[in-house]
Amino acid sequence: MKSVYLESVGIAAPGLANWPECSDVLRGKSGYQAQPIPRFVPDSLPVNERRRISPTIRLALQAATEAIQHSTLDPANVATVFATSNGDLEICDRICTALTLPDRPVSPTDFHNSIHNAPAGYWSIGYHCRMPSTSISAGDESFTAALLESVTQVLSENQPIMLVAYDQPPPDIFSTEYTSTIPFSTALVFTHQRTDHSMAELMVVPVEKQSPQALQTVALENLRSGNSVAQALLLLEMVARNSSAECILPYHDSGGLQVNYLPC
Amino acid sequence: MLEKLPYITATTLTNALGEGNAATMHALRNQQSGLRKCDFEDTGLDTWIGRVNNVEQVEIPNSLKHFDCRNNRLALLAINQDDFNSEISRVCGQYGTSRIGLFLGTSTSGIHEAELAYRNRDEESGSLPASFDLHHTHLIHSVVEFIRELLGLKGPSLAISTACSSSAKVFAAASRHMHVGLCDAAIVGGVDSLCLSTLYGFNALQLISPLPCRPWDIERKGINIGEGAGFALLERDAADKTSIALLGYGESSDAHHIATPHPDGKGAALAMERALQMANLADNVIDYVNLHGTATPSNDSSEDAALRSVFDRIPPFSSTKGWTGHTLGAAGITEAIIACQAIEHGFIPGTINTSQPDKQLSEGIVLETHDCPINTVLSNSFGFGGSNCSLIFGRNEP
């Protein structure tokens, strides 16, 4: 497969409030402390819509907003891929609870926000973006599958794309069942041609092996294992260190997705 | 842009009209709707639904019991029809299991399992019963993992969940994965099953109809929720070059409202235009448009505005939602397969239940199923979140 070019990155996770901060931690320039994620106000949305969004939608939009701000692209021209292992379990909890009550009073706002593509919908409204948008899930491999989907779109449609991967810890009722215990979201903008702003050239190759991968930034290993889409940190660490490198993201039982990284 | 799109070499469809493609064909040709008064569990809602008989009796194989839920039972019921399994065996032998992709759409997956679990919470602790398996039933990816393990597939796979466009967009995702060389064949499809969340959720939004739905009718009052599952096998090459192929896809976002389509149908028009551009047909000749046609006042008027802006002369069009109900995450695959059937057997399905077409909307809706040669079909699927997808099917070498 051909290469794609990484244009910009955004992140929102405990102690990694934005990409410059995250990059410093991943380069070993500063230590890691798991501070709460600073509150994000999605200014792009009309006030009415802003009031309606859930913490999960907010988490997704936070990383996406940062990534688009670090790029030189017009967000109205960037297609999107949103990925989460399941989206909004908090809303699901409220809907399922309502369904046990007399008359089953499901909130209309909860219902329309419960769609897997709610963050994508709010993103498109906020940035007047009529470009294609796909919302996917591949369980604990959602980031890897989303990266493949994004690369196939860039290479097939010759258009820039933003990958947004996010997972919010679920309400307590689901907690024993669920991989993600720490909030995490990241966004990466890719283009099909090198631009003045390109950070790196990336090539992805599915491989039939799965070598155990660990971050060099040991302090972030808890975060990586505490959120199903935080496998992205393996890739983000290469971006922060910015030298030729490769990593293998977990993908399917016995395979992986190798990502070759070349600085621009 | 992709120059060559895949052939559709096998399909299978199950919905309220019955199990397998022939059941849908038979009903469409004999004016038999699959809708019934809502009898799903203890719902007291005044509406009609498209329910699949026998889902409750489906047995999930012992080794996959952890996947047991209504959605996966429906998936299993559907994939066992039309000899689809033997086509899968053929491609597994021909290309190898790691070269076959799996791309399935669903909007609510197995959420009904969670709904049932919430009724049986522990009285003291409030916890869900230990038997509830969130990962393998409720999560969006469940049906993909289930089918993947059932068939022993090892190629790229993912679930697309963009509300009612989910299982149309799988055709685009699969085509791109094939285009860049990640797979030689792909199984695409969609599965959505009845649950309380959608029935009461659409009810809360005042979008469900107390009568059988009437797309394009002056009296249209909303949707009837249906359930359904369908699968299509896509291959880069087909032994028979006159096989039906995907000729184009177009995707777009409304960028307007999370639960209401753009009144001017701008996003919908963009999806159709992108599909037409990709199909590159002489004079943009489409023989039949299968509408999204949900029968909500706003969908039908928005879709009409989009059709008017795309076509100088709108081709014959109809909505099949009155037959199957709105199968939500399975609507894209349901209508894609109906489109392929229309081409293969030469007919245009009618719009059952509709008797007084709304004069505010474009004329020409096909009300009764009739035979005529069909070479190209445009199928529309639009969803909440403003997610639009249009697909064009036809023969590469008619």
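Computed from the coordinates by the stated procedures, all read-outs in this text should not be read as laboratory data. Bear in mind that the values here come from a model prediction, so they are computed numbers and not experimental data. Quick reminder, even Gly has a Cβ in these numbers, built from the backbone with ideal geometry, and neighbours come from all protein chains shown.
Things worth noting here:
- Label point of A:Val207 set 7 angstrom out along Cα-Cβ; within segment A:228-242, amide nitrogens under 18 Å from it belong to A:231-239.
- For segment A:4-197, DSSP calls about 60 percent of its internal beta bridges antiparallel.
- For B:Ala185, nonlocal amide neighbours, meaning residues 5 or more places apart or on other chains whose placed amide H falls under 5 Å from its own, are B:Gly101.
- Residue among A:Asp167, A:Asp74, A:Asp103 with the largest mean-square fluctuation in a Gaussian network model of chain A, springs linking Cα atoms under 10 Å: A:Asp103
- Under 19 Å from B:Lys266, Cα to Cα: aspartates and glutamates that are on another chain or at least 8 residues apart: B:Glu251, B:Asp254, B:Asp300, B:Glu303, B:Asp304, B:Asp312
- Aspartates and glutamates whose Cα lies under 16 Å from that of B:Lys65, excluding same-chain neighbours fewer than 8 positions away: B:Glu56, B:Glu113, B:Asp133, B:Glu145, B:Glu149
- Over chain B: helical MRE at 222 nm, DSSP H runs n ≥ 4 each giving -39500 (n - 2.57), nearest 500: -9000 deg cm²/dmol
- Filtered trypsin sites (Lys or Arg not before Pro), segment B:1-102: DSSP coil and at most 14 other beta carbons within 10 Å: B:Lys4
- Table column - 3J(HN,Hα) (Hz), segment A:114-124, Karplus curve with 6.51, -1.76, 1.60, x for Gly and Pro: 7, 5, 4, 9, 4, x, 4, x, 5, 4, 5
- Positive-pole candidate from A:Val204, A:Ser180, A:Ser135, dipole of segment A:131-237, charges at beta carbon: A:Val204
- Longest DSSP-loop-exposure-free segment, GluC sites (Glu not before Pro), chain B, at most 11 other Cβ within 10 Å: B:125-362
- In the protein assembly as shown, Rg over Rh equals 0.95, where Rg is the alpha-carbon radius of gyration and Rh the Kirkwood radius from pairwise Cα distances.
- Taking the convex hull of Cα positions in chain A, its mean projected area over all directions (nm²): 14.1 nm²
- Alpha-carbon centroid distance for the pair segment B:239-302 / segment B:102-176, whole angstrom: 27 Å
- Inter-centroid distance (Cα atoms) of segment A:185-236 relative to segment B:360-394, Å: 41 Å
- Per residue of B:176-188, other chain Cβ atoms within 10 Å of the residue Cβ number 3 on average.
- Taking θ as phi - 60° and the Karplus parameters 6.51, -1.76 and 1.60, the scalar couplings of segment A:26-31 work out to 5, 8, x, 6, 9, x Hz in sequence order, x denoting glycine and proline.
- In nm, spacing of pseudo-spin labels at A:Gln159 and B:Ser86 (7 Å Cα→C-beta vector): 4.2 nm
- Of all beta bridges that DSSP places with both ends in chain B, some 65 percent have antiparallel geometry.
- Residues of type lysines that B:Lys37 reaches as a straight line, Cα spacing below 26 Å, ignoring anything fewer than 8 places off in the same chain: B:Lys221, B:Lys321
- Segment B:332-389: C-alpha gyration tensor shape, a/c 1.5 cut-off, then a/b vs b/c: oblate
- Our estimate of slack between B:Glu149 and B:Ala22, defined as 0.36 nm per intervening residue step minus the Cα-Cα distance, is 43.0 nm.
- Secondary structure note: in the protein assembly as shown, about 70% of the DSSP beta bridges are antiparallel.
- In this structure the amide hydrogen of A:Phe184, modeled in the peptide plane, comes within under 5 Å of the amide hydrogens of A:Asp167, none closer than 5 places in sequence on its chain.
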